[in-house]
1. Which one of Arg41, Arg50, Arg61 is out of contact with any Pro (no Cβ under 7 Å at 6 or more places or on another chain), basic (Lys, Arg) and open to solvent by 50 Å² or more (accessible area, probe 1.4 Å)?
2. Do we find a residue being of a type outside the set (S, T, N, Q), more than 25 Å from Phe182 (Cα to Cα), modelled with pLDDT of 90 or more and out of contact with any Leu (no Cβ under 8 Å at 6 or more places or on another chain) anywhere in the range 91-99?
3. Is one or more of the residues making up the range 209-224 among the aliphatic types (A, V, I, L, M), under 22 Å from His140 (Cα atoms) and free of Cβ contacts under 8 Å to residues at least 40 places away in the same chain?
4. I'm told Asp208 meets every condition in (1) modelled with pLDDT under 95; (2) under 23 Å from Glu248 (Cβ atoms); (3) of a type in the set (Asp, Glu) except one. Can you identify the failing condition by its number?
5. If I go through the range 154-193 residue by residue, how many of them are part of a helix (DSSP H, G or I), crowded, with 18+ Cβ neighbours inside 10 Å and either basic (Lys, Arg) or out of contact with any strand residue (DSSP E or B) (no Cβ under 7 Å at 6 or more places or on another chain) (or both)?
6. Considering each residue of the range 81-98, count those that are assigned to a loop (DSSP other than H, G, I, E, B), in contact with a helix residue (DSSP H, G or I) (Cβ under 9 Å, 6 or more places away or on another chain) and of a type in the set (A, V, I, L, M), and give that number.
7. On the given criteria, is Tyr395 more than 26 Å from Asn304 (Cβ to Cβ) and surrounded by fewer than 20 Cβ atoms within 10 Å (Cβ to Cβ)?
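The values are calculated or read from the model by the stated rules, or taken from the named source; none is laboratory data. Keep in mind the model is a prediction, meaning the values are calculated, not measured. Cβ: placed from backbone, ideal geometry, glycine included. Neighbour counts: every protein chain shown. Note: areas computed on protein heavy atoms with side chains; ligands, DNA, RNA excluded. Shrake-Rupley method; radii C 1.70, N 1.55, O 1.52, S 1.80 Å.
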Amino acid sequence: MASASSSSRIHRRPAQAQEAQGVGQDLLMSLPPEMLDNILRRLPFDKLVRTCCLNPAWHRRWESIPNLDIWFSAGSNAAPDARVLCRCAAPVRSFTARVRMPHFYRAARWLQAQARKRVEKLILKFDNPWFSRSAGVLGHALFACRELTHLELCGYCHFPHAPHGFGGFPNLVTLLLSHVAFPFSGGAAQLEHLISSAVDLTELSLNDVKTSHFDDGAPAQRCAIRAPKLRVLKLIMFFDNGCRLSEEFPLLEEAIISIDDLFWTLDYINTFRRIRNAKRLLIETDSIQINENPLQGISWKFQNLRVEITKRADENDEDFANGEIDDPESDDAIDEDIIKAEISDDLFANLKHVSLDSIKCLPNDIWFMKFVLSKTRLLESFIITFGYRQISKSYLDACTELAMCQKASPQAKLMVRLSDEPDSI
């Protein structure tokens, strides 16, 4: 009798478990549609689609969720099928995907699906090494995504040639291009139109953008950058790609500039003239190759610069990092009297925080640091990270000289550290 009762309980447990599971699912499905949509929107797309396997009631539930942010689980190797993307409800708020080399061709198909869904934010990151000759292909469906407010393309990919009469992306607020090529005649003009047609553009990043074919050998065509509402600008070029700032940006808050290839030209000076309204300025320069004062010729005042100005050197030289050798031109004299005569005394009158990263103790580095200390009346902190992993004679000499120069700004807190010692002072 006991055995029969035990057996009955054993057989009832699976049924009770299934009943409890069914109740849980019913409770979830009984939520108001808007609340359930908000819950499901938080899932990565690959897991969202798999909810169709829960039970028949969930089979097509995910297809009815508007304003999806489509993204994929970390480490997910599955490339989304464009046919599945077509089943999403419109509009789609954002689409973010990493495009791996075997699936470069799929990016164009994804864009075809998203163009029909009025996607607003598009982020594609092409996962290919810099030395690879396999470029990502976007396809002309990109130009049908007229509702875009945010476009971000990273990795080696080819921007397609725009069709005749293309009016740009009028709603674009953010444009971030990194290692993107316009490998056709008129590429610079197309990039210029892409920027100028976005009348509300507030953030622009052009990182190693190519505006012509790689092997034609012709000089780069000019791309005039006009964006009167710009607040954040990042302009990095390892070679002259023709991009130039053609007007001032009155609303600019932050600028990151690396244009060593223009150093000996008037365009270098004009670039800083255009961004003189910036509140935060980051200058990236290779102080080993550019053994001159990067501010020479600047005679105007950075009225709003209050947060940070950074001069970054190249960190690739292992011997410099270990403090084992000095630059062969380290004895070259810099005519400080001439330079001081060409630079306004109130150039950094409102500057409060300075950060110098990967400094190599070259003459121009030392002079630049001494110059900034002498021109800043309101300076509060001066942080210097030397590009050495261990203490060297050059490092100790530089520390001694800086301690003497600090007398020009006694109110400033001077912090000196090695590259591997973030907390050393």
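1. Working: Arg41 fails: open to solvent by 50 Å² or more (accessible area, probe 1.4 Å); Arg61 fails: open to solvent by 50 Å² or more (accessible area, probe 1.4 Å).
The unique qualifying residue is Arg50.
2. So in the range 91-99, the residues of a type outside the set (S, T, N, Q) come out as 91-93, 95, 97-99.
Restricting the remaining residues to those that are more than 25 Å from Phe182 (Cα to Cα) gives 91-93.
Narrowing the set further to residues that are modelled with pLDDT of 90 or more leaves 91-93.
Next cut, out of contact with any Leu (no Cβ under 8 Å at 6 or more places or on another chain) only: 91.
Yes.
3. Applying the first criterion (among the aliphatic types (A, V, I, L, M)) to the range 209-224 yields 209, 218, 220, 224.
With under 22 Å from His140 (Cα atoms) added as a condition, the list becomes 209.
Imposing the further condition that a residue be free of Cβ contacts under 8 Å to residues at least 40 places away in the same chain reduces the set to 209.
Looking for residues that are among the aliphatic types (A, V, I, L, M), under 22 Å from His140 (Cα atoms) and free of Cβ contacts under 8 Å to residues at least 40 places away in the same chain, one finds at least one in the range 209-224, hence yes.
4. Answer for Asp208: the failing condition is (2).
5. First, pick out the residues of the range 154-193 that are part of a helix (DSSP H, G or I): 187-193.
Okay, now just the ones that are also crowded, with 18+ Cβ neighbours inside 10 Å, so 187-188, 190-192.
From what is left, the residues that are either basic (Lys, Arg) or out of contact with any strand residue (DSSP E or B) (no Cβ under 7 Å at 6 or more places or on another chain) (or both) are 187, 190.
Total satisfying the criteria: 2.
6. Start the filter on the range 81-98 by keeping residues that are assigned to a loop (DSSP other than H, G, I, E, B), which leaves 81, 86-91.
Imposing the further condition that a residue be in contact with a helix residue (DSSP H, G or I) (Cβ under 9 Å, 6 or more places away or on another chain) reduces the set to 81, 86-89.
When the remaining residues are screened for being of a type in the set (A, V, I, L, M), the result is 89.
Adding up the residues that qualify gives 1.
7. Working: more than 26 Å from Asn304 (Cβ to Cβ): yes; surrounded by fewer than 20 Cβ atoms within 10 Å (Cβ to Cβ): yes.
Answer is yes for this residue.
Here is a yes/no grid of residues against (1) modelled with pLDDT under 85; (2) under 19 Å from Arg116 (Cβ atoms):
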site: Gly22; (1), (2): yes, no
site: Leu28; (1), (2): yes, no
site: Arg42; (1), (2): no, no
site: Thr51; (1), (2): no, no
site: Trp58; (1), (2): no, no
site: Asp69; (1), (2): no, yes
site: Ala74; (1), (2): yes, no
site: Cys86; (1), (2): no, yes
